[in-house]
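Please read the structure below before turning to the comments.
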Amino acid sequence: MGAACFPALPASHPPDDGRPIVKDRPRRPKSGPAAPVKARTPSSAQAYRPPAAKTPALKPASGKETRPAPELPARPLMRREGAKPAERLPVILETAGSDQYRLIDSGAGEKLEQYGPYRIVRPEAQALWQRSLPDSIWDKADALFTGDTDEDGMGRWKFPRAALGETWPMQLLGVDFHGRFTAFRHVGVFPEQLAHWSWMKEKVETAGRPVKVLNLFGYTGVASLVAASAGAEVTHVDASKKAIGWARENQTLGRMDKLPIRWICEDAMKFIQREERRGSKYDIILTDPPKFGRGPNGEVWHLFDHLPLMLDICREILSPRAIGLVLTAYSIRASFYSIHELMRETMRGAGGTVESGELVIRESGTDGKEAGRALSTSLFSRWISA
């Protein structure tokens, strides 16, 4: 189990932002509908070799020291055989407006959003068009992010109408959580992920059996709380102490402290390698890695270098009755075809279908009833067993 972490105020999505780098179960049965094909020969792809830990022992709330876990030897990629899964593409998963969140307007490199009681303006490089709504609407925003317009750039918030508190309550899919103004323009939730969370919630509720969910790069825990509230047993992994602290705050805010969630502060790659060795299995795996990040002991994550191995290990820790494996990729110079083909190669012999495309948010105007332009936010690829 990863080290326990102290609650703290989060930063956001770069190295220690809450979206950084990245339950022992029975051994895999010898057969099953989604049993993976065993490796034949390892490939020569770059193996993940995290550096030796350089930080002192962590002191969790119990007061006991927890030493960093021992390093694992590099694990090569497996060369898989069998038919590739069926495919469905391009798939556009759209998030529309609600009373708690909506994209009001976008354009000229910015977006105007409603988060609970607040209207917020943030940079958005994908908004190449002109604004639909007049400046008088934009000028009524409660908060504006100023500074570096890069996705991971630091800056500060300006509050032109009145000073606002650092946090505010929100609710999505029946889950309460805190929005928060961070130094990296993020506010603690990525609403385009509602498309994946709704799918996961429905799968958990209709499975008719216990479902185990692994949420890698789990950030502030909204997806984990959605899964647990639907009835799943959840393991949440994130390398940021700040994000884990925020996630625990969200759990308490939603009065969900008794839900079966393991909060693990650890490098995601090291965690899943150990889970593979233990024989741990999960029915649904969500993975939302950054383009670049660092683990709690200096581990370095590069998406293009380490994504193939991460998916390969995730394949190995899917249960024989697995439901799905979801990958989201933000801010990368690639086509969804790249991660689509990688997912199909990873899931050779597993059956099912791989669907890939983009997550988009639809503008819905000031009243939430107008169907405006679709703003693309990220690429995704999702393997589903049926």
Check: Does the stretch 182-189 include one or more residues that are modelled with pLDDT under 95, surrounded by fewer than 21 Cβ atoms within 10 Å (Cβ to Cβ) and over 16 Å from the mean Cα position of the chain (by Cα)?
Finding: yes
Item checked: Qualifying positions in the stretch 352-383 - among the acidic types (Asp, Glu) and modelled with pLDDT under 95 -> 367, 370
Next item on the list: Report yes if residue 124 is in the same structural domain as residue 363 (by TED's automatic domain parsing), among the acidic types (Asp, Glu) and within 24 Å of residue 369 (Cα to Cα), otherwise no.
Entry: no
Next item on the list: Taking residue 179 as meeting all but one of (1) in contact with a Pro (Cβ under 8 Å, 6 or more places away or on another chain); (2) closer than 19 Å to residue 375 by Cα; (3) at pLDDT 95 or above, write down the number of the exception.
Entry: (2)
Notebook entry, point to check: Can you tell me which of 371, 350, 334, 322 is hydrophobic (A, V, I, L, M, F, W, C), in the same structural domain as residue 277 (by TED's automatic domain parsing) and closer than 21 Å to residue 111 by Cβ?
Noted result: 371
Notebook entry, point to check: So how many residues does the stretch 118-148 have that are surrounded by fewer than 17 Cβ atoms within 10 Å (Cβ to Cβ) and modelled with pLDDT under 95?
Noted result: 5
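Which strands (runs of 3 or more DSSP E) sit wholly inside the stretch 277-363 and have at least 1 residues that are more than 17 Å from residue 212 (Cα to Cα) and among the hydrophobic types (A, V, I, L, M, F, W, C)? Break it down into steps so the answer makes sense when it comes.
On the way: elements: 284-287, 292-294, 300-302, 324-329, 353-362.
Result: 292-294, 300-302, 324-329, 353-362.
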Margin query: Just to check your reading of the model, which residue among 291, 212, 203 is under 23 Å from residue 332 (Cα atoms) and basic (Lys, Arg)?
Written below: 291
Note to self: Here is a check on your reading of the model: is residue 166 outside the structural domain of residue 319 (by TED's automatic domain parsing) and surrounded by 13 or more Cβ atoms within 10 Å (Cβ to Cβ)?
What the structure shows: no
Notebook entry, point to check: Yes or no: residue 81 in contact with a helix residue (DSSP H, G or I) (Cβ under 8 Å, 6 or more places away or on another chain) and surrounded by fewer than 16 Cβ atoms within 10 Å (Cβ to Cβ)?
Noted result: no
Item checked: Residue that is modelled with the highest pLDDT, among those in the stretch 217-255 that are hydrophobic (A, V, I, L, M, F, W, C) and surrounded by fewer than 24 Cβ atoms within 10 Å (Cβ to Cβ) -> 230
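The values are calculated or read from the model by the stated rules, or taken from the named source; none is laboratory data. In this text the structure is predicted, and so the values were computed from the model without any measurement. Please note: Cβ atoms are built from the backbone with ideal geometry, for glycine as well, and neighbour counts cover all protein chains shown.
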